[in-house]
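Here is the structure we will look at.
The values are calculated or read from the model by the stated rules, or taken from the named source; none is laboratory data. All of these numbers come straight from a predicted model, not from anything done at the bench. So basically every Cβ, Gly included, is an ideal-geometry build from the backbone, and we count neighbours across all protein chains shown. Ligands, DNA and RNA are excluded from the accessible area calculation, which covers all protein heavy atoms including side chains. Shrake-Rupley method; radii C 1.70, N 1.55, O 1.52, S 1.80 Å.
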Amino acid sequence: MNRNDQEFIVQKIRTQYTEKESTELDELKALDAKVKRPANGFAYIFGSISAIIMGAGMSLVMTDIGATVGISNPMVPGIVIGVAGMVMAILNYPIYKRILSARRKKYAEKIIALSDKLMAKEK
């Protein structure tokens with residue numbers, strides 16, 4: 001390993017232990033994440049739950065799990081459960097967009113003001 005590589009590694013490790021000063025760009029990134037995080041979290045969780053529900057309905061229809069559980073005719077409950085999961089999956093995106101839109105409206109003034117301030121500094 002040559003001298004430049006060693007200095008680079010030392011500097012990289014050193015920056016991990018020094019305090020970083022918070023800049024306005026960091027604040028803008030944090031605000032943007034604050035807007036998107038709840039909508040993304042909801043979409044991931046709700047989408048996963050809906051996929052599991054849809055899969056459970058499909059499993060009732062396509063396998064012998066219904067007989068094992070004690071359901072004599074698992075076709076009807078399987079279809080109902082599967083369709084409920086599909087409806088949830090279909091509704092996931094519109095709900096996500098609504099949450100994201102509401103959050104954007106809530107933080108729009110702060111983000112616009114901060115981004116204008118940053119863009120004015122560049123000029």
Longer than 30 Å from Cα to Cα, which of LYS12/LYS97; LYS20/LYS97; LYS12/LYS121; LYS34/LYS121 are they? Say none if no pair is. LYS12/LYS97; LYS20/LYS97
With a 1.4 angstrom probe the carbon and sulfur portion of accessible area for the chain, in percent, totals 63 percent
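Note the full-extension length gain between MET119 and ILE79 as 0.36 nm times their separation in residues minus their Cα-Cα distance, in nm to one decimal.
Computed gain between MET119 and ILE79 is 8.9 nm.
Let's see if you can work this out: charge +1 on each Lys and Arg Cβ, -1 on each Asp and Glu Cβ, no other charges. What is the dipole magnitude of the chain about its Cα centre, in debye to the nearest 20? Numbers along the way, then the final one.
Values: 18 positive and 12 negative charges, 99 e Å.
The calculated dipole for the chain is roughly 480 debye.
Counting Lys and Arg as +1 and Asp and Glu as -1, what is the net charge of the other residues whose Cβ lies under 15 Å from the Cβ of THR23?
Values: positive: LYS20, LYS29, LYS117, LYS121; negative: GLU19, GLU21, GLU24, ASP26, GLU27, ASP32, GLU122.
So the surrounding residues net to -3.
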Phi angles of region 93-100, converted by Karplus (6.51 cos²θ - 1.76 cosθ + 1.60, θ = phi - 60°) into ³J(HN,Hα) in whole Hz with x for Gly and Pro, give 5, x, 5, 4, 4, 5, 4, 4
Acute angle (nearest 10 degrees) that the helix 3-17 long axis makes with the longest principal axis of the chain, alpha-carbon atoms: 70 degrees
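Can you tell me how the chain classifies by the Cα gyration tensor, rounded, prolate or oblate, using a/c under 1.5 as the rounded cut?
Working: a/c = 5.54, a/b = 1.94, b/c = 2.86.
Note, shape of the chain comes out oblate.
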To the nearest 10 degrees, how steeply does helix 24-62 sit against the main Cα axis of the chain, on a 0 to 90 scale? 20 degrees
Provide the FRET efficiency to the nearest 0.05 for the GLN11-SER72 pair, computing r from the beta carbons and using R0 = 41 Å. 0.05
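I want the local charge near GLN11. Using Cβ-Cβ distances under 15 Å, sum +1 for each Lys or Arg and -1 for each Asp or Glu among the other residues.
My count for the surroundings of GLN11 gives +2.
Rounded, prolate or oblate: pick one for region 1-71, where a ≥ b ≥ c are the square roots of the eigenvalues of its C-alpha gyration tensor, a/c under 1.5 means rounded, and failing that, prolate if a/b is larger than b/c, else oblate.
Details: a/c = 6.21, a/b = 2.32, b/c = 2.68.
Since a/c reaches 1.5 but b/c is at least a/b, the shape of region 1-71 is classed as oblate.
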